[in-house]
Amino acid sequence: MKVNLMHGAGGEVMGELLSVLTRFSHNNAGGIGLESLDDGAVIPIGDKNLVFTTDSHVVHPIFFPGGDIGRIAVSGTINDLAMMGGRPIALSCAMIIQEGFDVADLERIVASMDAALGEVGASIVTGDTKVLERGALDGIVINTAGIGVTERAVRDNGLQPGDLIIASGTIGDHGLAIMAHREGFDLGEQIRSDVAPLWGMIEGALAAGEIHAMKDPTRGGFANAINEMASKSGVRVEIDEEALPIRRSVRSAAAMLGIDPLEVANEGKAIMGVAPDDAEAVLQALRSHPYGRDAAIIGRVTEGKNVVMRTSIGGERFIEPPVGDPVPRVC
Amino acid sequence: MQNSGTIVIRGIVQGVGFRPFVYALAEKYGISGWVKNLGSRVEIAAAGARFSEFLQAVSTGTPLSVIDSVEVLPLDETPADGFVIRQSATGALDGMIPPDVAVCEECIRDITTPGGRYEGYWATSCVNCGPRYSIIRTLPYDRERTAMEDFPMCGACDAEYTDPASRRHHAQTIACAACGPSLSLLDGGGAAITCTDPISRAAELLDAGKILAIRGIGGFHLSCIEEAAETLKRRLGRTEQPLAVMVPPDAVEHYVVPTEGDREMLQNRIRPIVVIPKCSPTAHTGISPLHTIGVMLPYTGLHHLLFSHLRHDLLVMTSANMPGTPMVTATDEGVARLQGQVDAFLVHDRAIQNRCDDSVMRDGYILRLSRGIAPKRMAIDLGDRCILGVGPELNSTTTIYRNGFAVTSPHVGNVRNPQTLAYLQETVEKIGALLGAEFEVIAHDLHPRFLSTRYAHELAAECGAELVPVQHHRAHIAAATREECVGIAIDGVGYGDDGTVWGGEVFAGASPDLERIAHLECVPMPGGDLATRYPERMLYGILPTGETLDLLSARGWGEIEGGVLARQVERGVNVAMTSSAGRVLDAASALLGICRERTFDGEPAMKLESAAVGGRAEDWNLSFGTDDGCRTLLTSDLLQRAAEAQRAGVNRPDIAASVQHNLARGIATLAVDAAHERGINTVALSGGVAINPAIRGTIHACIRDAGLRFLMSTEYPPGDGCISFGQCVYAAALLDR
Ligand SMILES: [Fe+3]
Ligand SMILES: [Mg+2]
Ligand SMILES: [Zn+2]
Ligand SMILES: [Zn+2]
């Protein structure tokens, strides 16, 4: 097998590649390790847990409505820590830059990273820089790793029958913003990326009630995240189509392009399973934070398997993990 | 001269009156012994001077039986005097279930004979008629293993059941008003309406324009008179979909113009819905916006009684389901789901064990393989392995091959949601159990995202069967023939070897070596499935010109929408490439302003076909290209030509007819040239587009004129109902290679 672009697109195809890349016998440092394929690793230290994660970031274009690659590079890692329940402490930053890259752009990127760090009180404490010749990559790649601490780690596999599913805000903004901007679509109304560091919002939610499972719906979108949560937890999830918060502009752009907003990336959202008695309190906590204003209860967990959407016309359909490219299926 | 033996008769010998038939012959020829039902065979121990006459007579079978083989073994006992029907033996699960059969003439006479004990009884049946598959729980077929178990026979019924001279001797479905299933009428909320005769009261409600849910043999129908059809469609939210109707035999010609073949098909004991041209193409638009109507004759006692009370001579009879989900079968489920959509329910209290929709036929081809045909049993040697074909995703059936027979389920439907997937699963389990199947091979569609593909994977993981993916259009050809041929598969969408979307394909060879040698031009499908729902998108995909955009904007497309569509095609964002024949017809339908949004399967192409009725087709110049070693028909040129004709003011029926005609000519040319080149003399045709008589006719004529043999299956649907069978055939060929 040769690696192809589908292998990087998330979903089932990427799983094939991951089965190779996760073939480490040394994969766990005492808590939650690589074998779990969770948002990050957990390493118990005394009565605390260290949370550790890393991510490389490429995005085209590097500046887009609502953000830039720097904000994504910081938010992505902070959010992975936050999804484990971890307070972000320190990040590393490795930049691989192509010869000819504009230093003014680097300045903008760094300033944007700094602003994102400031929002949650984390720091970049170490770094690395490489410059490669033209053609070796397209622009810039930023890798960040981060450590956080938590008393109790939140997994992505802890959904329990009876839990309610909460989305911390609107779905699909980032993916459609990037696509519209990159491909030059005039949609009448600009869609902005939701990229944001979520620790502040998550901290409030964790204090408000019992969150059984949490994940950020990045690559592969909500569809991928909720399926992973359901299958890892061994439960069935029912989503109410009408309850899904989706911006009108996103909905209409998705409808015009034939793209499912549930299958595109988000960079500033969390999906959580919450004990039913705590759901209202968690919801209110989320809504009291600017990044959680549109939070909503979107479904519930039951016994069984699969993720099913109850549609607005009274039908049901599966929400499936996306494959790399959408393939038409209507005869 | 042999005067005794054990006669073993294999085939469909259950539920077809076989044992009483044997009994009657034993009496006639003075034979002593016994007959016993063993699932897929009956065993007869027979001794008597006229043994050979008896043997010959039993070998002819009953009207409903299908005899595969007759074998005579030595008899190792001396039977006692007299002849008896022995208890069926269980265990031999390789039996076959007969399909449901329309009520027979004699039973109708019983129902209408004043003073008779079946007078007015809705569920009257005999050994030659009545439900079978829909009531069977397990085999062998005996009353206690059917839904009739809940209705112990009264004395009078028992007397007939045990009377060798009776037509109901050993008829498992025997029942009368005293002992059998009964009817009741419920109001729109499901509360019982007290009335002496639910049928006559139901007829009154229907005559008054009310909408009724009627529980039939294999599920619920929604029923109303023609005047109420619009209301029904509105309540269902299916304002465009053609509805099937039921009419008494003498009213058929009030509505449609049947051919001789149509008439025979209507009266066939399958009693399918037959799609027939209307008397006037523009009449009865409330029932069907097309130039055809699907018509069926009454096929149960209930239907006959209903019409005897009804003042109208037509009832809409459409399967009751939520959009895209299986037909409702149980009464409580019916009440829960249909509340608010219907004004009353006419229900019976016999369990529907196995759901079964009405079959649909057109021009002798099967459009929907279901009641009266399914489970369909085909004798075919596919080797020793037990194979399951799970079918595609839309218009699906499922097929199980075991021991020389392929058995295809009734229409399962569109496997796109949890309910229909559950129905597919249930169907595989039920028919699998009836056949005693243990799957060694599971064949499925190549499409990675079909739910049926996922199901195949899960099932294979459970039972350890080998998975064989089968490309959709190769399955179409495999279902049509196993011979070497040039195969044309024309339909909507199928996942191709190269990950693009196929649907206008020409193959050469024999399964499993079907080489793709030609196809329709690959054209963009802007937005993927969205282009199927909105055919104007497909039009722009094929003809991405300013003129097309102008046409769309004249039809109300906004500037933003149009701009996004153009940009999408230019940048190739979420644009699939397709060689589908269906999408070309969709685009033509959009070009001509016939259909802008598809609200039911095949709508744009069906409406194009209706629009072409009476049109004069002319031969256009065809242009061909090549693509990766395959010859292609340039469908963009075809549509360009149609657009020019439209701008030149050529009338719509003529353009519609010409598009169909030239698309068909082009595909036929690809096939004929390939056949000549390779010295192959048979051209097989399959795929949903082949149902269109104009397209099929043109292709057939081209092939015949080229001196080649034209082949199209009448055993399986040309559409995707044949795929599960084709998957089995193809998988077997592949594994045998
Ligand atoms: Fe097909
Ligand atoms: Mg987590
Ligand atoms: Zn009868
Ligand atoms: Zn009786």
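Quick notes
- All other residues whose Cβ lies under 13 angstrom from that of B:ILE31 are scored, Lys and Arg at +1 and Asp and Glu at -1, for a net of -1.
- Greater than 31 Å apart at Cα, pairs in A:LYS269/B:LYS233; B:LYS210/B:LYS278; A:LYS2/A:LYS130; A:LYS269/A:LYS305: A:LYS269/B:LYS233
- Rounded percent of accessible protein surface that carbon and sulfur make up, the protein assembly as shown, 1.4 Å probe: 49 percent
- Gaussian network model of chain A, springs between alpha carbon atoms under 10 Å - residue of A:LEU17, A:LEU91, A:LEU176 with greatest fluctuation: A:LEU17
- Computed from label points 7 Å out along Cα-Cβ, the spacing between A:ASN4 and B:ALA433 is 4.2 nm.
- Residues in segment A:305-324 occluded by at least 50 Å² - accessible area, probe radius 1.4 Å, against chain by itself: A:GLU316, A:PHE318, A:GLU320
- Stretched out straight at 0.36 nm per residue, the stretch from B:THR78 to B:GLN640 would grow longer than its current Cα-Cα span by 194.1 nm.
- Kirkwood hydrodynamic radius of segment B:183-360, from inverse mean 1/r over distinct Cα pairs, in Å: 16.2 Å
- Across all directions, the average flat footprint of the convex hull enclosing the Cα atoms of chain B is 33.8 nm².
- Descending semi-axes in whole angstrom, ellipsoid equivalent of segment B:492-712, from the Cα gyration tensor: 29, 20, 14
- Using the rule -39500 (n - 2.57) for each DSSP H run of four or more residues, divided by the residues of chain B, the 222 nm mean residue ellipticity is -10000 deg cm²/dmol.
- Share, in percent, of DSSP beta bridges within chain B that are antiparallel, nearest 5: 75 percent
- Accessible area in square angstrom per residue, the protein assembly as shown, 1.4 angstrom probe: 37 Å²
- Look at the alpha carbon pairs under 8 Å that are at least 6 residues apart: their mean separation over the length of segment B:492-712 gives a relative contact order of 21 percent.
- Anchor B:LYS28: aspartates and glutamates whose Cα lies under 14 Å away (excluding residues fewer than 8 positions away in-chain): B:GLU53
- Mean separation of Cα contacts under 8 Å, 6 or more apart, over the residue count of chain B: relative contact order %: 11 percent
- Close amide-amide hydrogen proximity is noted between B:LEU467 and B:ILE442, each under 5 Å apart and 5 or more residues distant or on a separate chain (H modeled in the peptide plane; Pro and chain starts excluded).
- Segment A:5-150 - share of DSSP beta bridges that are antiparallel (%, nearest 5): 75 percent
- All other residues whose Cβ lies under 12 angstrom from that of A:ASN143 are scored, Lys and Arg at +1 and Asp and Glu at -1, for a net of -1.
- When you restrict to C-alpha pairs under 8 Å that are six or more residues apart and normalise by the size of segment B:183-360, the relative contact order lands at 38 percent.
- Shape category assigned to segment A:5-150 from the gyration tensor of Cα positions, a/c cut at 1.5: oblate
- Contact-buried residues of segment A:241-264, at a threshold of 50 Å² lost accessible area versus the chain by itself: A:MET256, A:LEU257 (1.4 Å probe; DNA, RNA and ligands ignored).
- Comparing the full protein assembly with the isolated chain, the residues of segment A:146-191 losing at least 50 square angstrom of accessible surface (1.4 Å probe) are A:GLU183, A:PHE185.
- When the accessible areas of A alone and B alone are added and the area of the pair subtracted, with a 1.4 Å probe, the result is around 3100 Å², both sides summed.
- Volume of the Cα convex hull of segment A:163-318, divided per residue and given in Å³: 104 Å³
- With the simple model of a label 7 Å out from the Cα in the direction of the Cβ, B:SER59 to B:THR626 spans 5.9 nm.
- Over the protein assembly as shown - Rg/Rh using Cα atoms and the Kirkwood inverse-distance radius: 1.02
- Table column - 3J(HN,Hα) (Hz), segment A:131-147, Karplus curve with 6.51, -1.76, 1.60, x for Gly and Pro: 10, 10, 5, 3, x, 6, 7, 10, x, 8, 10, 10, 9, 10, 10, x, 10
The values are calculated or read from the model by the stated rules, or taken from the named source; none is laboratory data. Because the structure is predicted, anything quoted here is derived from the model rather than measured. So basically every Cβ, Gly included, is an ideal-geometry build from the backbone, and we count neighbours across all protein chains shown. Accessible surface is based on the protein model in full, side chains and every heavy atom, while ligands, DNA and RNA are left aside. Shrake-Rupley method; radii C 1.70, N 1.55, O 1.52, S 1.80 Å.
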